[in-house]
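Only one structure is covered here, and it is reproduced in the block below.
The values are calculated or read from the model by the stated rules, or taken from the named source; none is laboratory data. Computed from a predicted structure; not experimentally measured. Here Cβ is always computed from backbone atoms with ideal geometry, including for glycine, and neighbour counts include all displayed protein chains. Keep in mind that these areas ignore ligands, DNA and RNA; they rest on the heavy atoms of the full protein, side chains included. Shrake-Rupley method; radii C 1.70, N 1.55, O 1.52, S 1.80 Å.
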Amino acid sequence: MINAVKKNLLLLRIKVKRIGMYKKAELFGLTHPSVVECSQELDTLLNKAQRICS
């Protein structure tokens with residue numbers, strides 16, 4: 001049960017981070033440092049999700 005809650009929370013964090021990255025990219029462009037930083041944070045979350053699901 002706890003693992004399912006953690007997984008759902010992680011998936012929610014991924015969705016929020018992805019939306020934030022898209023919005024920043026629209027405002028500043030894909031190569032802006034804040035977009036790159038957000039992308040790296042999203043990569044970290046996705047890597048965690050991959051470890052949980054495999």
* Asked: Which residues, counting only those in the range 29-48, are in a loop (DSSP other than H, G, I, E, B) and touching a residue at least 24 places away in the same chain (Cβ under 8 Å)?
  -> none
* To do: Give me the pairs, please: first residue somewhere in the range 6-28 and within 12 Å of Ser39 (Cα to Cα) and without any contact (Cβ under 8 Å) to a residue 12 or more places away in the chain, second residue anywhere and part of a helix (DSSP H, G or I) and open to solvent by less than 100 Å² (accessible area, probe 1.4 Å), beta-carbon distance under 7 Å, and either six or more positions apart or on two chains.
  => Ala25/Val35
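Give me a count of the residues in the range 27-51 that are on the phi < 0 side of the Ramachandran plot and open to solvent by less than 90 Å² (accessible area, probe 1.4 Å). Steps first, answer last, please.
The initial filter retains those residues of the range 27-51 that are on the phi < 0 side of the Ramachandran plot, namely 27-28, 30-51.
Filter once more, so that each one left must be open to solvent by less than 90 Å² (accessible area, probe 1.4 Å): 32, 34-36, 38-39, 41-49.
Of the residues in that region, 15 qualify.
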* Is it fair to say Lys17 is under 16 Å from the mean Cα position of the chain (by Cα) and either loosely packed, with under 14 Cβ neighbours inside 10 Å or not charged (D, E, K, R) (or both)? -> no
